Amino acid sequence: MAKVSPLMIAPPLIFAGLAALFFVGMMRDDPDALPSVFIDKPAPPIEAATLADLAVFDRAVLDQPGVKIVNFWASWCAPCRAEHPALVELAKTLPVYGVNRDTTPDAALKFLDELGDPYSAVVFDPGGQKSIDWGVYGLPETFIIDGTGKVILRFAGPIHRVMESTILPAIATAQPAE
């Protein structure tokens, strides 16, 4: 009888392991969801540079009562432009805070002049360090923060397509019970 080399068994075992891993990944409740380690935990610190003479915010602002939104954006980001009207609408009822990832303040200010400024305050994060601290890896990303400074939702991508299904329910969840 021929002796079977362990090297001959390894490729089928590796393939079977990867196939099982992919299968388990496809069976998640929402395979498109990008979980955040900050859900139900305090939002990370946000101190960053100012953007021209616009108001700025920090971690203490996020701890104040009331639901708030933190949106990471850049002027060169096409999905950021697409979602901007939805942020303008949300800003009529909730404070929206922006974290800008442009490389120059002029680009960010031109974007806000062109499309309108929905932000109660904005910080400038040209190196992206604060974005990394928040777990942001692509733009736009939006966080819903409750009245205690706790992250309720992280949504990666433009919010205008998921307002009814994701964003508004998360805002309702973040509202204090009456």
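The values are calculated or read from the model by the stated rules, or taken from the named source; none is laboratory data. Here the structure is a predicted model, which means the values were calculated and not measured. Cβ atoms come from the backbone with ideal geometry, glycine included; neighbour counts cover every protein chain shown.
Specify the residue that is nearest to Val67 (Cα to Cα); the eligible residues are those in segment 142-156 that are crowded, with 17+ Cβ neighbours inside 10 Å and touching a Gly at 6+ places or on another chain (Cβ under 8 Å).
Arg154
Give Ala48, Ala107, Ala19 a once-over and let me know the one that is small (Gly, Ala, Ser) and in contact with a Lys or Arg (Cβ under 9 Å, 6 or more places away or on another chain).
Just one listed residue meets the conditions, Ala48.
Output yes when any residue across segment 64-77 is of a type in the set (Ser, Thr, Tyr) and without any contact (Cβ under 8 Å) to a residue 12 or more places away in the chain, and no when none is.
No: zero hits.
Exactly one of (1) aliphatic (A, V, I, L, M); (2) surrounded by 11 or more Cβ atoms within 10 Å (Cβ to Cβ); (3) free of Cβ contacts under 8 Å to residues at least 24 places away in the same chain; (4) farther than 27 Å from Ile171 by Cβ is unmet by Ala60. Its number?
Evaluating Ala60 over (1) aliphatic (A, V, I, L, M); (2) surrounded by 11 or more Cβ atoms within 10 Å (Cβ to Cβ); (3) free of Cβ contacts under 8 Å to residues at least 24 places away in the same chain; (4) farther than 27 Å from Ile171 by Cβ leaves (4) as the failure.
Would you list the helices (runs of 4 or more DSSP H) that sit entirely within segment 68-178 and hold 3 or more residues that are more than 14 Å from the chain's Cα centre (by Cα)?
78-90, 105-115, 168-174
Yes or no, residue by residue, for (1) within 25 Å of Val37 (Cβ to Cβ); (2) hydrophobic (A, V, I, L, M, F, W, C); (3) modelled with pLDDT under 95:
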{"position": "Arg59", "(1), (2), (3)": "yes, no, yes"}
{"position": "Val67", "(1), (2), (3)": "yes, yes, no"}
{"position": "Ala78", "(1), (2), (3)": "no, yes, no"}
{"position": "Leu94", "(1), (2), (3)": "yes, yes, no"}
{"position": "Gly127", "(1), (2), (3)": "yes, no, yes"}
{"position": "Ile132", "(1), (2), (3)": "yes, yes, yes"}
{"position": "Tyr137", "(1), (2), (3)": "yes, no, yes"}
{"position": "Ala156", "(1), (2), (3)": "yes, yes, yes"}
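Which one of Ser131, Ser165, Ser120 is of a type outside the set (A, V, I, L, M, F, W, C), under 20 Å from Pro44 (Cβ atoms) and surrounded by fewer than 19 Cβ atoms within 10 Å (Cβ to Cβ)?
Ser120 is the lone residue from the list that is of a type outside the set (A, V, I, L, M, F, W, C), under 20 Å from Pro44 (Cβ atoms) and surrounded by fewer than 19 Cβ atoms within 10 Å (Cβ to Cβ).
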